[in-house]
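Taking it in order: structure first as structure tokens, then the write-up.
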Amino acid sequence: ANSTPTIEEEVKTAEEYKGDVVNILVCGIDYEEGRNYSNDPTSNDGMTDMILYVQFDIKNGALRMLQIPRNSLVATKGRKVNLSNGKTYSVSNYQINSVALSNGGNIAALAEVIYDQYKLPIDYYVTIDMQALVEMVDNFGGIEVYIPHDMSFAGSALKQGYRNLDGSAAELFVRCR
């Protein structure tokens, strides 16, 4: 008898997830060369410039995605910002893309803020380097996306309608606010 599993058995949903909804936070982290968000001049640690909430509804066979704009403001308590001139200020709101970075790169901290502010539960999270996103889309020959309205950012533009985006255009699309 052949003990090799069939493709159906390989991709079969694990028993513990049957009938459940699984929520995954997908974060694109900006490590672009020449950009530096920390006090260490040798560091390229970046912000979560793409924040995508993905819900796998296994019971109903649905996939839902919500992109949280990177410049969304979130409320915090007792956070301090240290400026390069040495002054320290208390802040009550800051951009969501800096949450993980301001907590030592901890994506779990971002997940907690998303649950606190938006009441979206997160079971797992995954991160991707924004440059890897560009390469991945290019390796697939592009990705078809509906652009809901004309968009422009940093001198580049996308026109409304269905478009096959290469990696750079896909990065522009997920970065647009």
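The values are calculated or read from the model by the stated rules, or taken from the named source; none is laboratory data. Here the structure is a predicted model, which means the values were calculated and not measured. Heads up, the Cβs are rebuilt from the backbone with ideal geometry, glycines too, and the neighbour counts pull from every protein chain shown. Calculation scope for accessible area: heavy atoms of the full protein, side chains included, ligands and nucleic acids excluded. Shrake-Rupley method; radii C 1.70, N 1.55, O 1.52, S 1.80 Å.
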query = How about the range 49-72: which of its residues are modelled with pLDDT under 85 and part of a strand (DSSP E or B)?
reply = Asp49
note = Of (1) in contact with a helix residue (DSSP H, G or I) (Cβ under 9 Å, 6 or more places away or on another chain); (2) touching a residue at least 12 places away in the same chain (Cβ under 8 Å), Asn106 satisfies every one except (2)
query = Of all residues in the range 107-121 being open to solvent by less than 70 Å² (accessible area, probe 1.4 Å) and of a type outside the set (Val, Ile, Thr), which is nearest to Leu25 (Cα to Cα)?
reply = Ala111
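Does Ala111 satisfy the criteria of being of a type outside the set (Phe, Trp, Tyr), modelled with pLDDT of 85 or more and part of a helix (DSSP H, G or I)?
Details: of a type outside the set (Phe, Trp, Tyr): yes; modelled with pLDDT of 85 or more: yes; part of a helix (DSSP H, G or I): yes.
Yes: the conditions hold for Ala111.
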key: Val134 vs. criteria open to solvent by less than 50 Å² (accessible area, probe 1.4 Å), part of a helix (DSSP H, G or I), in contact with a helix residue (DSSP H, G or I) (Cβ under 6 Å, 6 or more places away or on another chain) and at pLDDT 85 or above   = yes
key: Selection within the range 114-131 - part of a strand (DSSP E or B) and either free of Cβ contacts under 8 Å to residues at least 24 places away in the same chain or of a type in the set (Val, Ile, Thr) (or both)   = Val126, Thr127, Ile128
